1. Hey, does region B:11-27 have a residue that's over 30 Å from residue B:148 (Cα atoms), surrounded by 15 or more Cβ atoms within 10 Å (Cβ to Cβ) and hydroxyl-bearing (Ser, Thr, Tyr)?
2. Taking residue A:94, is it in contact with a His (Cβ under 8 Å, 6 or more places away or on another chain), closer than 20 Å to residue B:235 by Cβ and either aliphatic (A, V, I, L, M) or modelled with pLDDT of 85 or more (or both)?
3. Just checking, does region B:66-74 include any residue being in contact with a strand residue (DSSP E or B) (Cβ under 9 Å, 6 or more places away or on another chain), under 28 Å from residue B:413 (Cα atoms) and in a helix (DSSP H, G or I)?
4. Being in a loop (DSSP other than H, G, I, E, B) and touching a residue at least 60 places away in the same chain (Cβ under 8 Å) is the filter here, so list the residues in region B:186-203 that pass it.
5. So which of A:160, A:205 ends up being closer than 30 Å to residue A:243 by Cα and of a type outside the set (Gly, Ala, Ser)?
6. Residues in region A:61-75: is at least one surrounded by fewer than 19 Cβ atoms within 10 Å (Cβ to Cβ), hydroxyl-bearing (Ser, Thr, Tyr) and at the interface with another protein chain (Cβ under 10 Å from one of its Cβ atoms)?
7. Just the residues that are at pLDDT below 90 and in a loop (DSSP other than H, G, I, E, B), please, taken from region B:204-220.
8. Suppose we keep only residues that are β-branched (Val, Ile, Thr) and within 14 Å of chain B (Cβ to nearest Cβ) within region A:226-270. Which one would you say is surrounded by the most Cβ atoms within 10 Å (Cβ to Cβ)?
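The values are calculated or read from the model by the stated rules, or taken from the named source; none is laboratory data. Keep in mind that this is a model prediction, so the values were computed, not measured. Because the Cβ atoms are built from the backbone with ideal geometry, glycine has one as well, and the counts that use them run over all protein chains shown.
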Amino acid sequence: MDKTSEEASSKGKKRQRDQQPTDPQTNQPHHQIFSLEDNLSFTDTLVALRMMRAQFPRIDKVSIQPFILRSQLYSSVKDRTQVDRELESLRREKVVRIFKLNTGQDDHAIMFLDDYLNQMENVVKRLEEKEGDQVFKWFRTHVIDSKLEPSIEHQELYTLLSLGGMVKDGHISLLINAGLLTRQLIDPNMYWFAIPNIGSVLKGLSQGRKEVLSFLNRRRYKEMMLASMEKKCLRFSPLDMRFHLRDLIGSGHLKTVQTSTGLLVRVSKD
Amino acid sequence: MWKEIGDRERGILRPKSFTTRIKSNRIRTLQISNHKDIVSPHRASINSLQVDLTEGRYLLSGAADASAAVYDVQRATDYEGGGLIAKHKCLFVVDKQHEHGHKYAISSAIWYPVDTGLFITGSHDHHINVWDTNTTQVVMNFKMPGKVYRTAMSSLATTHMLIAAGTEDVQVRLCDIASGAFSHTLSGHRDGVMTVEWSTSSEWVLVTGGCDGAIRFWDIRRAGCFLVLDQSHSQLGRRPTIPEHSATNKALTSKSLSSGQNLNAKPRAQQRKLANGNGTKQSPVGRMPAKGSLRQRLHPGMLSSLDRATAHYGAVTGLKATEDGMYLLSAVTRSYVTKDSMHLLDPEAAGSDSRLRLWDVESGCNTLVNFETVRLQAGKPIQLATSQDSALVFVPCMTAVKAFDVWSGNTSQTFRGHYEYVNSCWFSSQEQELYTGGNDKQILVWSPPRLIADEGDEGPAQDRDNWSD
């Protein structure tokens with residue numbers, strides 16, 4: 001999005017980010033008015049989140065709001081415990097929402113609350129033209145606002161939705177069809193919150209991961225300079241190389257080594 | 001070092017902090033021992049290690065070829081290399097040839113906490129044997145319903161001598177040595193129980209970790225478990241001294257932060273959930289009718305069996321409580337299919353990721369410390385160890401043992417020496433030595449380096465104190 005942030009990121013992934021926030025949205029009407037002091041103090045995690053949100057690749061076929069993977073955060077901020085804790089406080093303050101993805105390996109996607117609400121709006125607009133049901137409004141006002149965890153129990157969902165009106169089981173099916181909830185495979189009474197319309201992107205995510213890893217594994221020494229890697233285009237993933245590299249470095253599949261000619265990316269064998 | 005001794009003499013430095021300083025300096029220089037070697041007679045992987053708690057002198061090891069052996073780690077049996085390397089051979093070994101020995105692998109061997117006259121072994125042949133050390137005879141035998149994964153006895157117990165046994169059966173059984181019978185059966189887990197540990201602060205509290213990912217705290221004086229750790233309950237680091245928000249009753253399933261929910265509300269909530277059928281599976285554990293408005297009240301102690309909170313998305317393979325009893329470390333690995341093959345534990349998990357978590361026992365919250373583990377061995381219980389001041393935790397990660405700093409999660413040291421997976425480690429705080437045993441049938445000793453020059457000239461001196469029986 002910004003030229004400066006592009007350059008800053010291409011210099012290296014593991015540096016601590018400087019305090020240059022790119023704030024795409026200046027007003028946040030859904031949140032309380034923080035004091036000026038609170039608004040101006042940023043944590044490393046928040047800065048990293050904002051920066052990565054700004055660098056989210058544009059996908060033409062699907063309209064999707066930017067999301068960040070947890071492993072990407074781990075690759076940018078050095079101290080993982082700090083990341084976990086700051087993420088937890090951001091989640092409690094309702095700045096971000098965390099979703100568990102089903103692409104395996106304990107993936108979590110982090111999305112700013114406003115982006116999520118926008119995404120929901122886009123999806124719901126298309127559906128509500130056909131159905132015209134109130135359930136999406138109830139979901140938004142009662143459930144999203146009060147339930148901050150990534151999963152919810154059936155009974156609790158029922159009670160929270162009932163605060164809006166008479167809930168029937170067909171309503172919950174509507175929510176599942178819209179992609180806002182998915183059932184858990186381990187426990188039939190629990191649901192995961194999900195990002196609607198994200199299916200193709202997730203497919204691209206897992207395929208892209210495989211492609212990057214196989215590309216490096218095919219090379220003789222299983223390594224490549226970061227600079228030349230970034231220029232490569234991925235065939236199977238709509239997300240760009242930088243997204244995948246951050247994710248794989250943060251989850252431990254790749255590691256970066258500092259050499260005299262720059263950063264080297266290597267497949268980690270452990 | 002000399003300045004510190006001088007300060008200690010003059011009273012500037014307190015004796016306790018002096019010893020702690022020396023100990024932590026020694027721990028930081030741990031490496032594979034250059035003066036001590038344990039000769040293991042086992043012919044299969046070593047599953048369990050423990051040094052006795054009374055003297056810190058005898059090491060007990062249990063192996064997969066149904067053998068258990070005891071070594072004296074303070075006195076060597078002979079010396080090699082011109083007196084520089086002390087070899088510790090086993091004092092005795094009991095194996096399959098023994099008339100009452102185990103037939104299959106021994107998964108857990110522990111000392112009787114009061115003295116070294118007894119030791120207890122649990123094996124995959126469904127038996128727990130209590131052995132007399134001096135005569136190497138089995139004095140008591142307990143038959144379990146499944147393979148025994150771990151046994152534990154409380155080191156604080158003064159009123160009971162119960163052996164807690166975690167088996168592949170969903171119930172945890174407590175065996176009483178005094179009477180020879182089972183005294184308790186604890187139900188609540190939904191899959192096999194891989195780890196059991198007694199609390200280090202109370203002789204009545206038992207912590208168990210199951211293959212279903214749940215960690216439960218049981219007070220054996222009453223029914224049911226009083227705490228189920230939930231990974232979504234988290235706190236940021238150490239607890240604040242004054243609570244900021246009202247602590248909820250963590251044993252209930254309600255995840256919203258409502259306070260003061262009384263226990264009577266629980267059965268009614270369950271009733272409503274089941275009455276709304278719709279193809280949701282009936283809870284297999286509760287004694288609820290399938291539908292109808294009967295208000296069957298469960299015993300309050302059994303309500304915990306309805307709590308399906310999980311501490312992890314995988315099987316809990318290792319648990320360790322810190323010495324002060326305030327924190328609990330848990331290690332988990334992914335497993336795809338649970339025992340009854342009806343539920344996939346986490347089918348979305350494609351890798352063999354594992355993790356370590358630190359829990360605050362008092363509040364039951366996850367302290368969100370991120371330990372940099374990538375892989376832990378799957379399918380087998382592993383034994384973690386903590387250093388005495390609980391600043392470091394030693395975790396067997398595949399073929400290496402990593403020492404993590406407990407509060408920051410950073411890897412402080414990595415011990416690579418085993419040729420195959422490491423199963424157990426034990427830290428002896430008296431000697432600041434780490435003993436590790438693995439699938440390569442070796443027991444390795446890691447100790448602070450000893451300067452060779454000290455011992456070289458004299459050789460092992462004739463020790464006239466070695467006369468005690």
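1. For region B:11-27, residues over 30 Å from residue B:148 (Cα atoms), surrounded by 15 or more Cβ atoms within 10 Å (Cβ to Cβ) and hydroxyl-bearing (Ser, Thr, Tyr): present.
2. In short, yes.
3. Within region B:66-74, not a single residue is in contact with a strand residue (DSSP E or B) (Cβ under 9 Å, 6 or more places away or on another chain), under 28 Å from residue B:413 (Cα atoms) and in a helix (DSSP H, G or I).
4. Scanning region B:186-203 gives B:187, B:188, B:190, B:191, B:192, B:199, B:200, B:201, B:202.
5. Only one candidate passes the filter, namely A:205.
6. No, region A:61-75 contains no residue that is surrounded by fewer than 19 Cβ atoms within 10 Å (Cβ to Cβ), hydroxyl-bearing (Ser, Thr, Tyr) and at the interface with another protein chain (Cβ under 10 Å from one of its Cβ atoms).
7. Passing the criteria: B:211, B:212, B:213, B:214.
8. Only one residue fits best here, namely A:249.
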